[in-house]
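S.K.: Take this structure, written in structure tokens, and hold onto it; I'll ask about it next.
The values are calculated or read from the model by the stated rules, or taken from the named source; none is laboratory data. Since this is a predicted model, take the numbers as computed values, not measurements. Cβ sites come from the backbone with ideal geometry, for glycine too, and all protein chains shown count toward neighbours. Just the protein is used for accessible areas: all its heavy atoms, side chains included, with ligands, DNA and RNA removed. Shrake-Rupley method; radii C 1.70, N 1.55, O 1.52, S 1.80 Å.
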Amino acid sequence: MHKNPAGLITILKEAGGTFLPAFFCYNKIMKVLLINGSPKGKNSNSLKLAKSFIDGVKKAAEEDGSKLELDELELASLNIGPCKGCFACWKATPGKCVIKDDMQMVIEKQISADLIVWSFPLYYFNVPGLLKNLIDRQLPMSLPFMSERSDGYGKGTHEARYNTKNIRHVLVSTCGFYTAEDNYDSVRNMFNHFLGKDNFESIFCGQGELFKIKELSSRTDVYLNSVKKAGYEYAQNGISQATREELKVLLYEKEEFERMADASWGVDKASGQKIPEDEVFTKQMAALYNKNSYKGKDRILEMVYTDLGKTYQILLGKDGSKVFTSPEYEATTRIETSFELWQKISRNEISGEEALAKQLYKVTGDFDLMMNWGKVFGKDNSQSQKPAADSNPSSSGKLLPPSMAAMLIPWISFWISVSINSKTGSLISLLLCALIPLLMRKHRLIIWDQLSLVCVAALSFTANLTGNGHLPTNAGYLVFGLFWLISCLTKEPLSAAYMKYNYGGDSALKNPLFMKPNYILSVCWGVLYLLTAVWTYFLGRAGFGIVIPIINNLVPVLMGLFTAWFSKWYPAWKARGGKS
Ligand SMILES: Cc1cc2nc3c(=O)[nH]c(=O)nc-3n(C[C@H](O)[C@H](O)[C@H](O)COP(=O)(O)O)c2cc1C
């Protein structure tokens, strides 16, 4: 039984006069041959895209109950010599090449593939020599006799020696210029002649070298995701127009990309002189500056490389960044450390947060820049360039990160409304609990939101039944305080469960500069609410009930101010060399 007969008949291929499903026969093994034509082998940028595409195809195959068998050929590590032009494969040894190298094996794999993914970089507006060699060596796959093309493309052809009509082809390539547009005309023409007019799908992407820069992964990963989606759709009904539009979006704006690219060569554009490594590094970092992170005034980031005895300044302005090789301005943020450490960070041998937590560098001045490093340098550059479908997570079906409002609104409304009138107040708070999932529908609700809803609903219910608001309100303070304290026994204190999304998500949980203040603050909030329960009880009994609302509203406000101050002060203090 086919699991998905509708899926099965969407892609048909002709074989021996009958139509058979090409992809996704339930239980069928689909053979995919990935030909990596980049001289860089595994380090190829184009290969990243090709693999994402195949991931998408694989996902679709698995959903349809078939299996994908991937065979990967890395031309850079194969022995494939150039065609000698002897025509022996047409005459003396029909179908067999006289050169004894890896090409025979390649041809066998090609013939038995269902899908061939041709992955290659653009070299001089065509394929690199490695791949052109392989294409020239396809001659044994053709018959020698002259014939006419059925697709009307070009004049004259040679019929295929093997039945290769059913093989599907996808070209995946990156190029170095800012866009792929208008740069692939030679490639298209050649493959039109080689594989048949438009007998292939293609994904061509500019700015290819950016795929290897980990600091830019938040943008390049978005693109790779679109490529995966393209693979998924390709294996079903074909790549949708919406996905094609996503794939056309530039990774970065032309000027922004060209600035990054120029800075990477280590050569001064005007003089042609070689630039020292530390200056190249500083300029590249400046090129990653995201001007959307500008906050109303220019900032001067001073980088002191202690092992080299050199100081650079980067002006972070409204229109972009500028590097000064010696101090020109008063620094707003100053980072002192060895250049060697920066290199380790850029090689991913240590994370910037870990280095800071270990006090391997010292920061003085405005610490906000450090807390928003990812936004200022590169990581969130993608926002302006993200395809429309991705810019609003809720519209694309994805939920927004949890909001603390979902947890706080039920509690605050309960404490206020029940203390004013236990009967009506409890009904209002019950109603609000019921409405929270609707009001916060765009956000993910986490365990603390759910527990809060259950506890507030139970306490409101009790207040309504008993007509006594004092006890449930006070029990609420106790429960709320326990939430904070209990969360400190887990690997994610309550505040961190919400705040981590502003600091890179789960990766923030590994950052001691983020975690330590969150543990401290969660304990403070927990203790505060336990004490609130205690003083509310005793003040009520002592006849000072009138002051309770004032104290119980004022103290959290003060604690909120302390939280805002402490969460900024603590990492800055540590970065200045503070001991805890
Ligand atoms: C010899 C050579 C020729 C190149 N020619 C072009 C070109 O004509 N157009 C272009 O946009 N990029 C060109 N590039 C840049 C590559 O296409 C680009 O770096 C690509 O992302 C490399 O992909 P890979 O990592 O998969 O090998 C060239 C690079 C080299 C080394």
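S.K.: Are any residues in segment 446-486 farther than 19 Å from Phe538 by Cα, open to solvent by 50 Å² or more (accessible area, probe 1.4 Å) and under 45 Å from the mean Cα position of the chain (by Cα), and if so, which ones?
M.R.: Selection gives Ile447, Gln450, Leu451, Val454, Ala458, Phe461, Leu482, Ile486.
S.K.: Let me ask another. Just name the residue that is nearest to the chain's Cα centre (by Cα) out of those in segment 212-226 that are under 15 Å from Ser52 (Cβ atoms) and not hydrophobic (A, V, I, L, M, F, W, C).
M.R.: Asp221
S.K.: Take Lys48 and tell me if it is open to solvent by 50 Å² or more (accessible area, probe 1.4 Å) and within 19 Å of Ser173 (Cα to Cα).
M.R.: yes
S.K.: Here are Ser202, Ser226: which of them is in contact with a Lys or Arg (Cβ under 9 Å, 6 or more places away or on another chain) and not hydrophobic (A, V, I, L, M, F, W, C)?
M.R.: Of the residues listed, the single one that is in contact with a Lys or Arg (Cβ under 9 Å, 6 or more places away or on another chain) and not hydrophobic (A, V, I, L, M, F, W, C) is Ser202.
S.K.: Would you check which residues across segment 71-109 are within 14 Å of Leu131 (Cα to Cα) and open to solvent by less than 70 Å² (accessible area, probe 1.4 Å) and list them?
M.R.: Those that are within 14 Å of Leu131 (Cα to Cα) and open to solvent by less than 70 Å² (accessible area, probe 1.4 Å): Leu73, Glu74, Leu75, Ala76, Leu78, Ile80, Gly81, Cys83, Asp102, Met103, Val106, Ile107.
S.K.: Could you please find all residues in segment 523-549 being β-branched (Val, Ile, Thr) and at pLDDT below 90?
M.R.: Within segment 523-549, Ile546 is the sole residue that qualifies.
S.K.: Only one of Leu49, Leu70 is among the hydrophobic types (A, V, I, L, M, F, W, C) and within 11 Å of the ligand (Cβ to nearest atom); which?
M.R.: Exactly one of Leu49, Leu70 is among the hydrophobic types (A, V, I, L, M, F, W, C) and within 11 Å of the ligand (Cβ to nearest atom), namely Leu49.
S.K.: Quick one: in segment 206-216, of everything that is part of a helix (DSSP H, G or I) and open to solvent by 40 Å² or more (accessible area, probe 1.4 Å), which residue is farthest from the ligand (Cβ to nearest atom)?
M.R.: Residue satisfying both the conditions and the ranking: Glu215.
S.K.: Checking Thr490 against (1) under 22 Å from Met404 (Cα atoms); (2) touching a residue at least 24 places away in the same chain (Cβ under 8 Å); (3) hydroxyl-bearing (Ser, Thr, Tyr), only one condition comes out false. Which one?
M.R.: The one condition Thr490 does not meet is (2).
S.K.: Another question, if that's okay. Filter segment 27-45 down to the residues that are at pLDDT below 95 and buried (at least 16 other Cβ atoms within 10 Å of the Cβ), then identify the one that is farthest from Pro121 (Cα to Cα).
M.R.: Among them, the one singled out is Lys28.
S.K.: Using the structure shown, decide if Leu139 is under 34 Å from the mean Cα position of the chain (by Cα) and either within 16 Å of the ligand (Cβ to nearest atom) or modelled with pLDDT of 95 or more (or both).
M.R.: Here the answer is no, as Leu139 does not meet what is asked.
S.K.: Please work out if Gln241 is away from the ligand (no atom under 16 Å from the Cβ) and not charged (D, E, K, R).
M.R.: Answer is yes for this residue.
S.K.: Can you work out which of the residues in segment 525-580 that are outside any helix (DSSP H, G or I) and free of Cβ contacts under 8 Å to residues at least 40 places away in the same chain is most open to solvent (accessible area, probe 1.4 Å)?
M.R.: Top of the filtered list is Lys579.
S.K.: A further question follows. Which one of the conditions (1) open to solvent by 30 Å² or more (accessible area, probe 1.4 Å); (2) modelled with pLDDT under 95; (3) of a type in the set (Val, Ile, Thr) does Val249 fail to meet, given that it meets all the rest?
M.R.: Among (1) open to solvent by 30 Å² or more (accessible area, probe 1.4 Å); (2) modelled with pLDDT under 95; (3) of a type in the set (Val, Ile, Thr), the lone unmet condition for Val249 is (2).
S.K.: I need the full set of residues from segment 151-198 which are more than 16 Å from the ligand (Cβ to nearest atom), assigned to a loop (DSSP other than H, G, I, E, B) and open to solvent by less than 70 Å² (accessible area, probe 1.4 Å), in order please.
M.R.: Asp151, Gly152, Tyr153, Gly154, Gly156, Arg161, Thr164, Asn166, Ile167, Gly196
S.K.: Have a look at Lys229, Lys254 and point out the one that is within 24 Å of Glu215 (Cα to Cα), surrounded by 17 or more Cβ atoms within 10 Å (Cβ to Cβ) and within 24 Å of the chain's Cα centre (by Cα).
M.R.: Lys229
S.K.: Can you name the residue in segment 284-329 that is within 14 Å of Glu256 (Cβ to Cβ) and charged (D, E, K, R) and is also surrounded by the most Cβ atoms within 10 Å (Cβ to Cβ) among such residues?
M.R.: Lys291
S.K.: If Arg441 meets every condition in (1) modelled with pLDDT of 85 or more; (2) assigned to a helix (DSSP H, G or I); (3) open to solvent by 70 Å² or more (accessible area, probe 1.4 Å) apart from one, which number is that one?
M.R.: If we test Arg441 against (1) modelled with pLDDT of 85 or more; (2) assigned to a helix (DSSP H, G or I); (3) open to solvent by 70 Å² or more (accessible area, probe 1.4 Å), just (2) comes out false.
S.K.: Ok, one more. Quick check on my filter: what residues within segment 232-241 are touching an Asp or Glu at 6+ places or on another chain (Cβ under 9 Å) and either surrounded by fewer than 17 Cβ atoms within 10 Å (Cβ to Cβ) or under 30 Å from Asn348 (Cβ atoms) (or both)?
M.R.: Within segment 232-241, Tyr232, Gly238, Ser240 meet the criteria.
S.K.: Taking segment 100-130 on its own, how many of its residues are within 12 Å of the ligand (Cβ to nearest atom), outside any helix (DSSP H, G or I) and more than 32 Å from the chain's Cα centre (by Cα)?
M.R.: 0
S.K.: Give me the pairs: first residue in segment 331-343 and over 12 Å from Val304 (Cβ atoms), second residue outside any loop (DSSP other than H, G, I, E, B) and aromatic (Phe, Trp, Tyr), beta-carbon distance under 9 Å, and six or more apart or on different chains, which are they?
M.R.: Final answer for the pair search is Glu340/Tyr305; Gln343/Phe281.
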